[in-house]
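Student: Here's a structure for you.
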Number of protein chains: 2
Amino acid sequence: MSKRIPERWYNLMADLPELPPPGLHPVTHEPLTPDDLAALFPMSCIEQEVSTERYIPIPEEVREIYALWRPTPLRRALRLEKMLDTPARIYYKYEGASPVGSHKPNTAVAQAYYNKVEGITQLTTETGAGQWGSALAMAGAFLGIDVRVYMVRVSYEQKPYRRVLMQSFGAEVTPSPSPDTKAGRAILAADPDSPGSLGIAISEAVELAMEDPQTKYSLGSVLNHVLIQQSVIGEEALEQMKAAGAYPDVVIGCIGGGSNFGGIAFPFLGERLREGRKTRFVAVEPTACPKVTKGKYTYDYGDTAKLTPLVKMHTLGHTFVPPGIHAGGLRYHGMAPLVSLGNELGLIEARAYGQLGCFEAAIQFVRAEGIIPAPETSHAVRAAIDEALDAKEKGEERVILFNFSGHGFMDMTAYQSYLEDGLEDYEYPRTRVEEALAQVPQI
Amino acid sequence: MSKRIPERWYNLMADLPELPPPGLHPVTHEPLTPDDLAALFPMSCIEQEVSTERYIPIPEEVREIYALWRPTPLRRALRLEKMLDTPARIYYKYEGASPVGSHKPNTAVAQAYYNKVEGITQLTTETGAGQWGSALAMAGAFLGIDVRVYMVRVSYEQKPYRRVLMQSFGAEVTPSPSPDTKAGRAILAADPDSPGSLGIAISEAVELAMEDPQTKYSLGSVLNHVLIQQSVIGEEALEQMKAAGAYPDVVIGCIGGGSNFGGIAFPFLGERLREGRKTRFVAVEPTACPKVTKGKYTYDYGDTAKLTPLVKMHTLGHTFVPPGIHAGGLRYHGMAPLVSLGNELGLIEARAYGQLGCFEAAIQFVRAEGIIPAPETSHAVRAAIDEALDAKEKGEERVILFNFSGHGFMDMTAYQSYLEDGLEDYEYPRTRVEEALAQVPQI
């Protein structure tokens, strides 16, 4: 196996000047114990959730699977630099190179591995458009674990591409709400035609895991162990930037739950904290779902049904329903506690963009570099281009690194809307946010 | 730029024991002169068409663009080997790593470059499902040449994904038949609802190129210069197999017009011819369109409307319409003259498969290795698996190399048919073939 695949993940908890406050039990509001989480997650992930070790070894079997697509390329976007006529150097880490086309398998494979080691035979999860579901479906196929995905019904019906990909891996994909669970049946009783939501799908997946000791639940973002497992991106990028003879002045990623941003940024942020470097970190969110730039830093639930623990994070309120932007993966109301804390500490900037400007940037990128970005990724592309234009205005040789979290081959209907049908932009939905924030528990 | 990107293409014409007979003018049936081709192709490509030089330097600007995705990975399918429990070693060259997801850009970029050097400002072409059209659209965006794609109307309407990708690159995509051309208008006059065909779309693209000296035509397969430009695949694979400490006993590719097969096979075939190696070469076609296994080796036209030159090749007849298999890229009636001659000389085996067995192999591959093959590529996967199973039966440590010509992210409806709706298999359409072969000119 390639020696260039990192042997360890990086854990920002080792270097932050303070630790994030503990998660709280959803009913008692007491600090969570490992036992509270044991019904949902394998012990190795629970240990990572609270670990303050700087480095955590990547199991050999996980590295062997990573070797199918890792290390992912670090590329310099020379043609884009020329198009923008900028003195900046733009690098991107191409996570679209994974078999399912995004960064999600980095943690899916790790989670499936730890579950397998602990004797678990089935994993449940939820998925919206299907990026996370297809990553877990692949991991399950590789490691011999059954995967059951609750897919938001409206996506299940309107976006068959990723559903079929999950099924190709052998996963069972169920439209949510479903009659399988109490949560699903309750929703269906009230509204037999419910289009579903991520919140409902989470409730269904969690319910099944709680009921069967051979089944656990898997989450694709937000939690500390997920961000640790995504740090393989940044660990590789550290080495690759060194090999390229450059060090980033700014590191950029889009944020839905925070895992691709944390994955590329935290290893560099660790160097800033330990070595006093001046690198900036820019997390990019949509104006339609601006949790960090407009939300509140407070304890909130991860799901609509209040089944998950409360974590301290930037949130728009667990009842917030964002407008229907194409970047479905950025439509989450909350944020990874580690990204939120980094922002509170002044280490991480946040920036919000409307989708029109992001698609415009994506089209520039595809014409310069050839790869079509996922709508989520287009937010990082927009920020990278803006940094390059700012550097041009100031005459700076800024070194920009962004995470190209996924390709858009399965999102071409979004580009069709942009190119052919006209595309609505979404402003900050102030009233909806105010209403949802009023529902956040006072803790 | 990476030194690992080949500096030269390989030309099989230098090593074959005999040369393919000349192309003939479509009207006079006289051997073609360079002048006959000059209205359609740039002089550099016409020179390559008849060159017997073993190596042709790759222009620096083409290598710089290749560097966006080349060298493509050569991977050993260790997990597939384990799944099959075979002593064979299975390697695949992953051409799906290109920005548009297939091998097509290797020649699209070269052709656009040569046209640009000769002052051409617009390229026309045809496309079926859109793999070739999107490759040329990308090349045009990179090199500043307008690209006009005539897309078979039924695909234009039913497969918007690749159309939108072409438009994202800035290409003009027109459903064919169109009112733009005499050929299109004639068809529309007879049948205003014509679904179109590749033959009609070729006629439209060729007609436009013939009329405007600033416009030329670009073809994505079949011709010698296309296969030369695809040899970058095999040149890389030669080096990569050497680095892996292995040499293939068998090299496999699927065949539509022959360019991805020729691209990987010919550099190895050259070594067999020069050095007496025993490597076998297997070209895989669908039973629904079995030009090499069931067709005739004779002079025939490249298009339905008899506008193109006649070339000596395996053909099912230029009027042959294959059944609607999902591997649209393998539905061409003819074959590259160099592949046909190689088969006649006993250097290249051909094999035909039904689509059901190919999808079954593709599902095995995706569950072992994670990448979803294009339906075309699934034919090569089927052959590679069959070789591995044969090696297992015989207890041989066979080294298998196949070309993974493209990923299937934009072909998930084909997998949906296979997994959900049941999928028709197609036998050899004997009557259609006999009728079409009766239309082939007697030369």
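Read-outs: derived from the displayed coordinates by stated rules, not from any lab. The structure displayed is predicted, hence computed values, not measured ones. A quick note on method: Cβ atoms are made from the backbone with ideal geometry, for glycine too, and the neighbour counts reach across all protein chains shown.
Student: Can you give the mean number of other chain Cβ atoms that lie within 10 Å of the Cβ atoms in peptide A:407-414?
Tutor: 5
Student: Which of the peptides A:132-145, B:315-328 is most tightly packed, and how do the rest follow, judged by the mean count of other Cβ atoms within 10 Å per residue?
Tutor: Ranking, from highest mean packing down: A:132-145, B:315-328.
Student: Next question. Suppose R0 equals 56 Å; then what is the FRET efficiency for B:Thr28 and A:Gln214 from their Cβ-Cβ distance, rounded to the nearest 0.05?
Tutor: Once the sixth-power term is evaluated, E becomes 0.15.
Student: Another question about this same structure. What are the distances, in nm and sorted shortest first, from the label point of B:Lys278 to the label points of the same position in each other copy, with each label point placed 7 Å from Cα along the Cα-to-Cβ direction?
Tutor: Sorted ascending, the copy-to-copy spacings read 6.7 nm.
Student: In whole angstrom, how far apart do the alpha carbon centroids of segment B:76-92 and segment B:208-240 sit?
Tutor: A separation of 32 Å, based on Cα centres.
Student: Relative to the longest principal axis of the C-alpha atoms of chain B, give the angle of the C-alpha long axis of helix B:259-275, reported between 0 and 90° and rounded to the nearest 10°.
Tutor: 60 degrees
Student: Which of the trypsin sites (Lys or Arg not before Pro) found in segment A:1-49 are loop residues per DSSP with 11 or fewer other Cβ atoms within 10 Å of their Cβ?
Tutor: When the trypsin sites (Lys or Arg not before Pro) of segment A:1-49 are filtered for loop state and at most 11 Cβ neighbours within 10 Å, A:Lys3 remain.
Student: Does anyone have the angle between helix B:131-143 and the longest principal axis of chain B? Alpha-carbon axes, 0 to 90°, nearest 10?
Tutor: Around 70 degrees separate the two axes.
Student: Specify the residue with the greatest mean-square fluctuation among B:Glu157, B:Glu172, B:Glu207, computed from a Gaussian network of chain B linking alpha-carbon atoms under 10 Å apart.
Tutor: Sorting by GNM fluctuation, first place goes to B:Glu157.
Student: May I ask which residue of A:His314, A:Ile363, A:Ile264 lies farthest towards the positive end of the charge dipole of segment A:246-366, with charges of +1 (Lys, Arg) and -1 (Asp, Glu) on Cβ and the Cα centre as origin?
Tutor: Sorting the options by dipole projection puts first A:His314.
Student: Within 10 Å of each Cβ in B:158-171, how many Cβ atoms from other chains are there, averaged over the peptide?
Tutor: Mean shielding by partner chains, rounded to a whole number: 5.
Student: Going by average Cβ neighbours within 10 Å, how do the peptides A:208-221, A:403-416 rank, with the highest at the top?
Tutor: A:403-416, A:208-221
Student: Then there's this: Which chain A residue puts its Cβ closest to the axis that rotates A onto B, and at what distance in whole Å?
Tutor: Nearest-to-axis residue on chain A, with distance in whole Å, is A:Phe409, 2.
Student: Quote to one decimal, in nm, the extra length available between B:Lys394 and B:Thr121 on full extension: 0.36 nm per residue of separation minus the C-alpha distance between them.
Tutor: That pair, B:Lys394 and B:Thr121, stretches by 92.6 nm at full extension.
Student: Then there is this: From the Cα gyration tensor of chain B, with a ≥ b ≥ c the square roots of its eigenvalues, which class applies: rounded if a/c is under 1.5, or else prolate if a/b is larger than b/c, or else oblate?
Tutor: Taking the square roots of the gyration eigenvalues as a ≥ b ≥ c, chain B is rounded.
Student: Also, I was wondering about something else. Using a Förster distance of 41 Å, how high is the FRET efficiency between B:Asp425 and A:Ala189, based on the Cβ-Cβ distance and rounded to 0.05?
Tutor: Approximately 0.40, to the nearest 0.05.
Student: A further question follows. Expressed as a rounded percentage, what relative contact order does segment A:81-147 have, with Cα pairs under 8 Å and six or more residues apart?
Tutor: Here the relative contact order equals 32 percent.
Student: Over chain B, calculate the relative contact order: mean separation of alpha carbon pairs under 8 Å at least 6 apart, over the residue count, as a percent.
Tutor: 19 percent
Student: On to the next question. Between A:Glu396 and the same site in the other copies, what are the distances in nm, shortest first, taking label points 7 Å from Cα along the C-beta direction?
Tutor: From this label point to the equivalent ones elsewhere in the assembly: 6.3 nm.
Student: Here's a follow-up. Can you sort B:Lys306, B:Lys291 from fewest to most other Cβ atoms within 10 Å of each residue's own Cβ?
Tutor: B:Lys306, B:Lys291
Student: Per-residue Cβ counts within 10 Å, from other chains only, averaged over B:59-68: what number is that?
Tutor: 2
Student: Right, next: Classify the protein assembly as shown as rounded, prolate or oblate, taking a ≥ b ≥ c as the square roots of the eigenvalues of its Cα gyration tensor: rounded when a/c is under 1.5, otherwise prolate if a/b is larger than b/c and oblate if not.
Tutor: Since a/c reaches 1.5 and a/b is larger than b/c, the shape of the protein assembly as shown is classed as prolate.
Student: Modelling each spin label as a point 7 Å along the Cα-to-Cβ direction, I'd like the A:Asp85/A:Tyr55 distance in nm, to one decimal.
Tutor: 4.6 nm
Student: Rounded to the nearest 20 debye, what is the charge dipole size of the protein assembly as shown about its Cα centre when +1 sits on each Lys and Arg Cβ and -1 on each Asp and Glu Cβ?
Tutor: The dipole of the protein assembly as shown has a size of about 1260 debye.
Student: What are the nm distances, shortest first, from B:Gly324 to its equivalents in the other copies, labels at 7 Å along Cα→Cβ?
Tutor: Nearest to farthest, the other copies are at 2.9 nm.
Student: Might you report the magnitude of the Cβ-based charge dipole of segment A:14-159 about its Cα centre, with Lys and Arg at +1 and Asp and Glu at -1, to the nearest 20 debye?
Tutor: I would put it at about 1040 debye.
Student: Which value, in debye to the nearest 20, gives the size of the charge dipole of chain A about its Cα centre, when Lys and Arg are +1 and Asp and Glu are -1 at the Cβ?
Tutor: Computed about the Cα centre, the dipole is about 940 debye.
Student: Whole Å is fine, so just give me how far the alpha carbon centre of segment A:3-44 lies from that of segment A:337-373.
Tutor: Segment A:3-44 and segment A:337-373 have Cα centres spaced 26 Å from each other.
Student: So, one more: For segment A:328-443, just say rounded, prolate or oblate: build the C-alpha gyration tensor, square-root its eigenvalues into a ≥ b ≥ c, call rounded for a/c under 1.5, and beyond that prolate if a/b exceeds b/c, oblate if not.
Tutor: oblate
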